[in-house]
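Enquirer: Got a structure for you, questions after.
The values are calculated or read from the model by the stated rules, or taken from the named source; none is laboratory data. This structure is a prediction, so every number in the text was calculated from the model and none was measured. Here Cβ is always computed from backbone atoms with ideal geometry, including for glycine, and neighbour counts include all displayed protein chains. The protein model used for the area step is the full one, side chains on, heavy atoms only, and it has no ligands, DNA or RNA in it. Shrake-Rupley method; radii C 1.70, N 1.55, O 1.52, S 1.80 Å.
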Amino acid sequence: MRFGESSLRAELGLIPAIALVINATIGTGIFRTPAAVARHAGSMQWALVVWGLGALVALAGALSVAELSASLPRAGGIYEPLRRAFGPRVAFLYAFAKIVLLAPSAVGSFAILAAEAIEAFVGVAPDRTREVLLALAVLGVALATNLLRVRAGGAIQTVVTSLKFGGLALLAIAGLALPFTPSAAPITEHTASFAGVLAAMVSVMWAYDGWADLASVAGETKDPSRTLPRALVLGTLAVALAYVATNLGYARVLGYESLAAAGAGSEMPGSALALATLGAVGGRALAALVLVSCIGGCMASLLTNSRAFIPMATDVPRFGWLGRVHVETGTPRTAVIVTSALGVLYVASRTFEELTDGFVVGYFPFYALAVIALFVLRRKEPSLARPFRTPTVAPIVFLLGAALVMGGAVVDGGRRLLVPGIVLALGALVAWRFVDARPAPRPTG
């Protein structure tokens, strides 16, 4: 094994890159979180507005990250822009939050919902102990896949993405076109509120998250200056269209009351839609789709999140073991294993909602900083080659959306801020103690 990015192999082409964006995004959100979005939003109309707004924010973020990743096609995603704009300590804080909170929360949430999907497919009642054991098995599969070479992992990603995107498209078509049995849920009056819409944005952005993940494997992408912008934009657009269509299907088949009352496992919104339009066979098929989606999402999340530690190995030698890249496979095996191990702890100790809330609230400050870095680097490094330059309106739209997301975390009682706040405070202390404020030179070759 050795350190550094020079050992990474540029093996991801355009199609696998688009597949990775779609795979990293479509996982748990569209099948389960529409219920929470509806409850927060207070009406079906406002729920649909929030989903549309989330699509706009995700696309604006993808366009912004496309400029950064095309200009700085290095492993680690937004780590390098943060480092060059704000210094190694801010970049380290991002990597610290990745390994302590963000990556384990992401892979853990995928694994938990995969376990629920297995229970729904088999037809057994939910059981917490069994769900934890099944989730650990899913994590084991994702770990084994990510220890393969990047090209092999990319091929698996493409196959999995084709299956789950096709299944999601069929679910949307069923909701929009097939006859269904009307819901017997009681109809009551609800009032939408601005605070509720803000809170709904937190759940929506979990469903859309994944638009920035491709930048994490920029150093492993063929012709990154062309491939990265195209894959980010096309992948995000494909997901946005599928999500909006699926939510229109929820609105048509379930209506507000049934959607807001939906739960987990076999009672999640996707299952309710499938049962209403396709019957019991549809319910089983939906469970299988959720299982494939979650396993694929777990694989993609582990693949992309582990890359943040590769450039950190240069800046902070004390933690350089996390960025170790295996000679034979070209993958950061140590980071993959550590992320998986922490994912095990999160699965055993936290609920699905706690994992997703912690991820969104913990990540969005760094997303916002990365988009701000776009403006900083335009001023600070005007001669930096920019093969793709995003329209200035895109980062502005994203920053406004990020403010809405963080505002939603605040108006929802602030409970979503506790764990991310503790992690960020601890990371800041570690960065101040162990990280040199001066940027370290990057190795060449």
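Enquirer: Order these peptides, 383-390, 117-124, 77-84, 333-340, by their mean beta-carbon neighbour count within 10 angstrom, highest first.
Expert: 77-84, 333-340, 117-124, 383-390
Enquirer: Counting only the backbone N, which residues of region 115-130 are under 16 Å from the spot 7 Å out from the Cα of Ala280 toward its beta-carbon?
Expert: 120-125
Enquirer: Here's something else I'd like to know. Multiply the residue gap between Thr129 and Leu237 by 0.36 nm, knock off their C-alpha separation, and tell me the result in nm, one decimal place.
Expert: Contour length minus Cα-Cα distance gives 35.1 nm.
Enquirer: Multiplying the sequence separation of Arg230 and Arg252 by 0.36 nm and subtracting their Cα-Cα distance, what value in nm do you get?
Expert: Length gained between Arg230 and Arg252: 4.6 nm.
Enquirer: So if I average 1/r over every pair of distinct C-alpha atoms in region 39-129 and take the inverse, what Kirkwood radius in Å does that give?
Expert: For region 39-129, the Kirkwood estimate is 16.8 Å.
Enquirer: Hey, another quick one. How high is the FRET efficiency between Val122 and Glu381 when r is their beta carbon distance and R₀ equals 51 Å, given to the nearest 0.05?
Expert: 0.40
Enquirer: Leaving out ligands and nucleic acids, note down the accessible area per residue over region 262-402 with a 1.4 angstrom probe, in whole Å².
Expert: 35 Å²
Enquirer: Residue by residue through region 395-410, which ³J(HN,Hα) values in whole Hz follow from phi under the Karplus form 6.51 cos²θ - 1.76 cosθ + 1.60 (θ = phi - 60°), with glycine and proline marked x?
Expert: x, 5, 4, 5, 5, 5, x, 4, 5, 5, 4, 5, x, x, 5, 6
Enquirer: Share of region 243-363's accessible area from carbon and sulfur, percent, 1.4 Å?
Expert: Ligands and nucleic acids excluded, carbon and sulfur reach 65 percent.
Enquirer: I would also like to ask the following. HN-Hα J couplings of region 272-283 from phi, Karplus 6.51/-1.76/1.60, θ = phi - 60°, integer Hz, Gly and Pro as x?
Expert: The phi angles translate into 4, 5, 5, 5, 5, 9, 10, x, 4, 4, x, x Hz.
Enquirer: Cα centroids of region 289-304 and region 238-256: how far apart, whole angstrom?
Expert: Going from one Cα centre to the other spans 21 Å.
Enquirer: What residues qualify as long-range amide H neighbours of Thr221, i.e. H under 5 Å apart, gap of 5 or more or another chain, H built at 1.01 Å from N?
Expert: Excluding prolines and chain starts, which carry no amide H, the hits are Glu11, Leu12.
Enquirer: While we're on this one: Where the centre of each part is set by its Cα atoms, how far does region 47-92 sit from region 373-393, in angstrom?
Expert: 13 Å
Enquirer: In addition: With the crude spin-label approximation of a point 7 Å out along Cα→Cβ, what separation in nm comes out for Arg433 versus Leu178?
Expert: About 5.7 nm, to one decimal.
Enquirer: Could you run the Karplus curve 6.51 cos²θ - 1.76 cosθ + 1.60 with θ = phi - 60° over region 91-105 and give me ³J(HN,Hα) per residue in whole Hz, x for Gly and Pro?
Expert: 5, 5, 4, 4, 5, 4, 5, 4, 7, 8, 10, 6, 5, x, 5
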